[in-house]
Amino acid sequence: MVVHCDIEFDQNPTGTYYAGQLVSGKIVLKCDKVKEAKAILLKISGSAETLWSERHFSTRRMYYGREDYLSSSTYLMGSEQSKTIIHNCLEDGFCFNKIFPGPKASIAVGVHTYTFACQLPYNCPSSFEGVHGHIRYTVKVVLQRPWKFDNVYNRAFTVLRVTDLNFESPQIRIPSTSEAYKTFCCGPCTTEPLKMELKVPQTGYVPGQNIPVQGIVINNTNMAVSEVKFMLVMLVRYTSNKPHRINVQRVAVSKIKSDSVLRYCTRAMKEELHVPATPPTCIQGSSVIQIVYQIEMYCKMKSLNKTQVVTMPVIIGNVPLANNTRRFNVIDEQPTSSSRDIREVPSDADESKEVGSPPTLDLSTPNMPPPSYEESVHTQRSNINEGEEHTFGPSEFAPLYPVFNISTPSLDQTPLPMGIENKSFSP
């Protein structure tokens, strides 16, 4: 290869940032011989895209959606004037505009370093790679050559919107329960109800925590429950712009099987669902991709081969609940794969901040170790160079999400009736 391009981030080898932070780094071009190029263009962009197809009778219709959050272009060498247009060219009796490429420049042999910096919007959504779409942020270096194809170098980076559980509804801190009843018809008779109860100590969690779930099955029917299963499910809603269409995908994040329940019997079960690295709940950040979570309890009936479900919505954040009511604000320091130094902002500092400036967040407390950053195993690894020609560098990308090592309160309080299936995600 004549030109080798490295895109590096300052003190952030994994390329993981929080919304509102400054993305800075350097572009290192290494040339083993002279390379002709009109200009070197740096693009930093962030957008959400959705794409899927559905069959309608004998035809298949495509659905596409897009939303932009960040767009920055800078010329590291050369300028936008890469072409010269000559008007009113006359040839064979026809008048037309003729375009000539401008003068060529060259990149000398050796190492060339360029620095860059870009401020992330405070409200941009978290990175996500899914089956029918993605929320993606990239740094792109383009060696423009109007007389030939351009050389393109891409690198994606992770952006995390701060989902602070301490700023959510106080309801997420208290024990909650959800229940459902179901009767079955067996010929002319109707069975007594099957009652299912699902209990959790709180409804706000972060990756790394275990969710203690308690299920109670009161089986007053004459059919056994062959299997009880608990699942943490991610619901992803993809939306297309024109035409408007919604596609909802269910992804099992974590699951565990429990005991069976004989007929005319009652059984209480306690299990723990682990929350792995996963995108945070995202409802307001994007209009084309939204993510929510819910806990589901399944009861599979042995005779009818039917499954009954009770659900409980939960919020997955990336800032855990504190043990007190002190306020926290957005991250000032860039997260790295090893550790981050995030200190609490004094109360008088908030009063001195300018209007419209981003809040700052303190996660580093004596009782809370800093998180690690890991890939999500239940989402996609995507090709960031898909659809582009003459691209170089790594193509596979998966966002990194914070994973904490903290405990969760147990079910030692009387649950309150709370928790309804989020039906707004249904098309």
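Read-outs: derived from the displayed coordinates by stated rules, not from any lab. Since the structure is predicted, the reported quantities are computational estimates derived from the model, not experimental observations. Cβ: placed from backbone, ideal geometry, glycine included. Neighbour counts: every protein chain shown.
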**Q.** Potential extension, GLU396-ASN220 segment - 0.36 nm per residue separation minus Cα distance
**A.** 58.1 nm
Q.
Need the C-alpha centroid separation for segment 243-277 versus segment 1-73, integer Å.
A. 37 Å
Q: Based solely on C-alpha atoms, express the radius of gyration and the Dmax of segment 257-301 in angstrom.
A: 16.6, 48
Q: Could you let me know the centre-to-centre spacing of segment 367-409 and segment 172-232, using Cα atoms, in angstrom?
A: 33 Å
Q) Mind listing the phi-derived Karplus ³J(HN,Hα) values for segment 146-161, rounded to whole Hz, using 6.51, -1.76 and 1.60 with θ = phi - 60°, and x for any glycine or proline? A) x, 7, 8, 5, 6, 9, 10, 10, 10, 8, 8, 9, 8, 10, 10, 7
Q: Go through 27-37, 211-221 and give me the packing order, highest mean Cβ count within 10 Å leading.
A: 211-221, 27-37
